[in-house]
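Structure first, then comments.
The values are calculated or read from the model by the stated rules, or taken from the named source; none is laboratory data. These numbers were taken from a predicted model, which means no experiment stands behind them. Quick reminder, even Gly has a Cβ in these numbers, built from the backbone with ideal geometry, and neighbours come from all protein chains shown.
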Amino acid sequence: MATLKKGDQAPDFELLDQNGKMVKLSDFRGRKFLLYFYVKADTPLCTTQACSVRDAAQQFSDLNVPAIGISPDVPDAQKTFEQKHKLNFPLLSDASHKIADAYGVWGEITIQGKKMPGVTRSSFLIDEEGKIMHAWYNVTPEDTVPKAMEALGSMARK
């Protein structure tokens, strides 16, 4: 599984969100954004991760940095997840895992002792030109937001 690193071009994507709207990488040209991959909507760890992103919405907004989640779930499952947890950002459906493959986050994972194909929880900070600023593979649900905020804060201090 190839991984992305700082300076790499972010793989292009064009995916449906939880509302059936097409969302593309090019929609974010001219601004930084946080893109994170999660395993499955409404599972405990993915809920922790999504709710931490939701709870940091004002911080991200103050920095003009939107957040986007991607999982292999279909849009209807994403919509249910959004409504149940009052999420306030796009959740994109990558049911074919083509985009997860492109970002190097699709592979063998272990859940409850069972090995299976799936998403390795990861997050990426992408710059205004669509390049990777930071890549965090195997990020914990609790660290997704702090790592992004730390990176954004260190850039603001430079």
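Yes/no matrix, rows are residues, columns are (1) among the acidic types (Asp, Glu); (2) over 17 Å from Asn88 (Cβ atoms); (3) assigned to a strand (DSSP E or B):
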{"position": "Gly30", "(1), (2), (3)": "no, yes, no"}
{"position": "Leu35", "(1), (2), (3)": "no, no, yes"}
{"position": "Ala50", "(1), (2), (3)": "no, no, no"}
{"position": "Ile70", "(1), (2), (3)": "no, no, yes"}
> List the pairs whose first member sits in region 143-157 and is under 15 Å from Ser61 (Cβ atoms), whose second member is modelled with pLDDT of 95 or more and part of a helix (DSSP H, G or I), and whose Cβ atoms are under 7 Å apart, counting only residues at least 6 apart or on separate chains?
Replying inline: Val145/Ser52; Val145/Val53
> Mind checking which pairs have a first residue in region 104-120 that is on the phi > 0 side of the Ramachandran plot and a second that is surrounded by fewer than 11 Cβ atoms within 10 Å (Cβ to Cβ) and of a type outside the set (S, T, N, Q), Cβ under 6 Å, 6 or more apart or different chains?
Replying inline: Gly104/Ala2
> Listed residues Lys147, Lys98, Lys131; which is closer than 14 Å to Pro72 by Cα and either modelled with pLDDT of 95 or more or within 12 Å of the chain's Cα centre (by Cα) (or both)?
Replying inline: Lys98
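Does Val65 qualify as being assigned to a helix (DSSP H, G or I), more than 19 Å from Gly20 (Cα to Cα) and touching a residue at least 24 places away in the same chain (Cβ under 8 Å)?
no
Results for (1) among the hydrophobic types (A, V, I, L, M, F, W, C); (2) touching a helix residue (DSSP H, G or I) at 6+ places or on another chain (Cβ under 8 Å), shown as yes or no for each residue.
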position	(1), (2)
Leu16	yes, yes
Asn19	no, yes
Val23	yes, no
Arg31	no, no
Leu35	yes, no
Val53	yes, yes
Pro75	no, no
Phe89	yes, yes
Ser93	no, yes
> Filter region 53-87 for residues that are loosely packed, with under 14 Cβ neighbours inside 10 Å and acidic (Asp, Glu); which is nearest to Thr144 (Cα to Cα)?
Replying inline: Asp55
